[in-house]
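Comments concern the structure below.
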Amino acid sequence: MSTQPQSPRALVFDSGIGGLGVVQALRTLAPSLTIDYLADTALFPYGEQPDDVLKKRITELIGQACAILHPTIVIIACNTASTLALSALRETLALPIVGCVPPIRWAGRVSTTRVIGLLATSATARRPYLTQLHKDFAADCTLLVHGSRNLAEMAEQAFRGEQLSSENIHAELEQLFQQDQGQHIDTIGLGCTHYTFLMPYFQRLDKADIMWLDPAPAVAQQALRQLGNYVETPTAPSLTAPADRFFFTAIPAEHENLNKHLRWLGFPAGWQCLSFS
């Protein structure tokens with residue numbers, strides 16, 4: 001195992017706060033890992049953007065961020081960004097890059113009824129990549145998908161501590177259960193990292209026998225395995241660890257309220273707005 005004199009630093013990227021679910025898991029597994037978080041709020045939500053625009057944007061943005069922030073590992077904690085740009089990023093950046101994909105394989109392993117559901121963004125739902133995941137890893141399952149235009153924004157509101165309408169959440173879930181064979185769903189995967197922060201609503205409003213699959217902990221574990229092949233990964237808290245940093249590409253809505261909720265994830269008060277050209 002090679003070592004470097006500086007402490008390892010992870011760059012976690014998402015279009016908004018969705019990747020903070022991965023940050024939560026990293027805090028538990030490696031409390032002393034220094035984390036930079038970059039939210040591309042200038043283009044949020046990604047689900048409403050054209051694929052070619054997003055691919056160019058993501059590859060250029062991550063490349064410039066790496067040149068400025070000098071991470072040891074990059075975690076693309078966004079399904080849309082991963083499916084579009086992961087291959088290109090791995091070709092251009094000489095450091096470990098971990099992505100996030102919809103948990104179709106996981107759902108196929110655990111489903112008993114062989115009818116699985118996926119909550120995703122509209123962008124993820126329409127991509128051929130999702131069809132290929134189904135074919136490769138859960139071909140014997142019926143896959144029902146709801147590509148929502150609303151859930152990512154609801155998740156941002158939930159993270160900021162705002163109270164959401166139970167009726168609106170229920171209406172989104174019904175988009176799965178009202179599909180043909182929807183009554184047989186026993187496993188639902190989260191196909192957007194934002195949805196981590198809606199899990200309390202999902203579990204409270206839905207059937208008790210549904211198994212919910214949140215890939216954020218698995219992404220964090222994979223990132224630490226990759227990092228461990230490259231540098232010594234800190235696992236114990238340290239008073240000398242470098243400061244974590246939080247960056248936006250544009251000032252988000254309700255940013256003062258958001259800042260309060262970032263503190264419980266270990267980010268210092270205040271954030272920076274980075275402009276990438």
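The values are calculated or read from the model by the stated rules, or taken from the named source; none is laboratory data. Only a predicted model underlies this, so the values are computations on that prediction, with no experimental measurement involved. Note that we place each Cβ from the backbone using ideal geometry, even for glycine, and neighbour counts take in every protein chain shown.
For this structure, a couple of remarks:
- Any hit, region 131-153, residues being closer than 16 Å to Gly47 by Cβ, assigned to a helix (DSSP H, G or I), hydrophobic (A, V, I, L, M, F, W, C) and in contact (Cβ under 8 Å) with a residue 60 or more places away in the chain: yes
- Qualifying residue in region 238-246 (condition: surrounded by fewer than 15 Cβ atoms within 10 Å (Cβ to Cβ), within 14 Å of Tyr37 (Cα to Cα) and at pLDDT 70 or above): yes
- In region 144-165, the qualifying residues are those that are over 16 Å from the mean Cα position of the chain (by Cα) and crowded, with 22+ Cβ neighbours inside 10 Å, and the one that is nearest to Leu262 (Cα to Cα) is His146.
- Unmet requirement for Ala223, which otherwise passes all of (1) without any contact (Cβ under 8 Å) to a residue 24 or more places away in the chain; (2) aliphatic (A, V, I, L, M); (3) not assigned by TED's automatic domain parsing to the domain that holds Leu164: (1)
Results for (1) closer than 18 Å to Gly147 by Cα; (2) in a loop (DSSP other than H, G, I, E, B), shown as yes or no for each residue.
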residue	(1), (2)
Ile188	yes, no
His194	yes, no
Leu198	yes, no
Asp209	no, yes
Trp212	yes, no
Pro217	no, no
Ala220	no, no
Leu224	no, no
Leu227	no, no
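- Single match in Ala77, Ala65 (criterion: buried (at least 20 other Cβ atoms within 10 Å of the Cβ), assigned by TED's automatic domain parsing to the domain that holds Asp14 and in contact with a Leu (Cβ under 6 Å, 6 or more places away or on another chain)): Ala65
- Residue list for region 106-121, filter: part of a helix (DSSP H, G or I) and under 17 Å from the mean Cα position of the chain (by Cα): Trp106
- Given (1) in the same structural domain as Arg109 (by TED's automatic domain parsing); (2) over 17 Å from Tyr46 (Cβ atoms), index of the condition Thr196 fails: (2)
- Ala85 surrounded by 15 or more Cβ atoms within 10 Å (Cβ to Cβ), in contact with a helix residue (DSSP H, G or I) (Cβ under 7 Å, 6 or more places away or on another chain), assigned by TED's automatic domain parsing to the domain that holds Arg263 and outside any loop (DSSP other than H, G, I, E, B): yes
- Considering (1) closer than 26 Å to Leu54 by Cα; (2) touching a Lys or Arg at 6+ places or on another chain (Cβ under 6 Å), the lone condition that Cys141 does not fulfil carries the number (1).
- In region 111-136, the residues that are at pLDDT below 95 and out of contact with any helix residue (DSSP H, G or I) (no Cβ under 8 Å at 6 or more places or on another chain): Ala125, Arg126, Pro128, Thr131, Gln132
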